[in-house]
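Peer 1: Have a look at this one before I ask anything.
The values are calculated or read from the model by the stated rules, or taken from the named source; none is laboratory data. As the structure is a prediction and not an experimental result, all values here were calculated from the model. Note: ideal-geometry Cβ built from the backbone for every residue, glycine included; neighbour counts use all protein chains shown. Accessible surface is based on the protein model in full, side chains and every heavy atom, while ligands, DNA and RNA are left aside. Shrake-Rupley method; radii C 1.70, N 1.55, O 1.52, S 1.80 Å.
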Amino acid sequence: MAEQTFHLSILTPYGHYFDGEVEFLEVHSDKYNLGILPGHAPLISTVAISKMIIRANGREMKYAVGGGVITVNKEKTTLVLNSCEHADEIDIERAKEAKQRAEERLSGQANENAVDVNRAKIALMKAINRIEVGSKD
């Protein structure tokens with residue numbers, strides 16, 4: 001028996017990242033986790049900097065997403081994301097360096113006048129997420 005699917009489209013500032021049929025999608029907002037299956041009720045929500053899981057053709061794939069918006073309707077599910085990286089695309093060493101830079105900025109070791117604290121917090125969250133998603137289980 002064939003698994004039911006729904007159409008998923010993922011857009012980033014660099015264009016279409018993914019466009020195809022999937023069996024399951026897991027994304028996270030600031031307040032809750034969303035599990036999307038075929039026939040899900042219509043929905044619009046924000047997406048937090050977090051891990052995303054897509055199941056397609058019986059394979060489960062992990063991604064690091066940099067926040068965005070999800071819309072679900074009966075035709076398709078669309079994610080408009082600030083960034084999206086498959087676990088295999090993540091450079092762990094680069095992510096660790098970004099984490100260290102953000103922590104230094106937040107601790108005041110860097111030039112405080114030139115630091116945008118909110119930007120440093122977001123950079124830290126993204127780096128931690130990339131490290132967690134990109135690390136082999």
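Peer 1: Pull up the stretch 35-73, narrow it to residues that are open to solvent by 30 Å² or more (accessible area, probe 1.4 Å), within 21 Å of Ala127 (Cα to Cα) and in contact (Cβ under 8 Å) with a residue 40 or more places away in the chain, then point me to the one that is farthest from the chain's Cα centre (by Cα).
Peer 2: Lys62
Peer 1: How many residues, within the stretch 90-120, are at pLDDT below 90 and either buried (at least 18 other Cβ atoms within 10 Å of the Cβ) or assigned to a helix (DSSP H, G or I) (or both)?
Peer 2: So the count comes out to 11.
Peer 1: Kindly list the number of the only condition in (1) in contact with a strand residue (DSSP E or B) (Cβ under 9 Å, 6 or more places away or on another chain); (2) touching a residue at least 12 places away in the same chain (Cβ under 8 Å) that fails for Tyr32.
Peer 2: Result: Tyr32 passes all but (2).
Peer 1: Mind listing just one residue for me: the one in the stretch 74-89 that is acidic (Asp, Glu) and part of a helix (DSSP H, G or I) and, of those, surrounded by the most Cβ atoms within 10 Å (Cβ to Cβ)?
Peer 2: Among them, the one singled out is Glu89.
Peer 1: Given the criteria open to solvent by 20 Å² or more (accessible area, probe 1.4 Å), outside any strand (DSSP E or B) and within 17 Å of Val80 (Cα to Cα), does Asp19 qualify?
Peer 2: No; evaluated as a whole, the condition is false for this residue.
Peer 1: If I ask for residues that are more than 14 Å from Cys84 (Cβ to Cβ) and of a type in the set (Lys, Arg), which ones from the stretch 22-58 would you list?
Peer 2: Lys31, Arg55
Peer 1: Between a first residue in the stretch 91-109 that is over 13 Å from Ala120 (Cα atoms) and a second residue that is assigned to a helix (DSSP H, G or I), which pairs have beta carbons less than 7 Å apart while being 6 or more apart in sequence or on different chains?
Peer 2: Qualifying pairs under 7 Å: Ile92/Ile131; Ile92/Gly134; Ala95/Ala127; Ala95/Arg130; Ala95/Ile131; Ala95/Gly134; Lys96/Ile131.
Peer 1: Quick check: is even one residue across the stretch 51-58 in a strand (DSSP E or B) and in contact with a Leu (Cβ under 6 Å, 6 or more places away or on another chain)?
Peer 2: Yes, the stretch 51-58 contains at least one residue that is in a strand (DSSP E or B) and in contact with a Leu (Cβ under 6 Å, 6 or more places away or on another chain).
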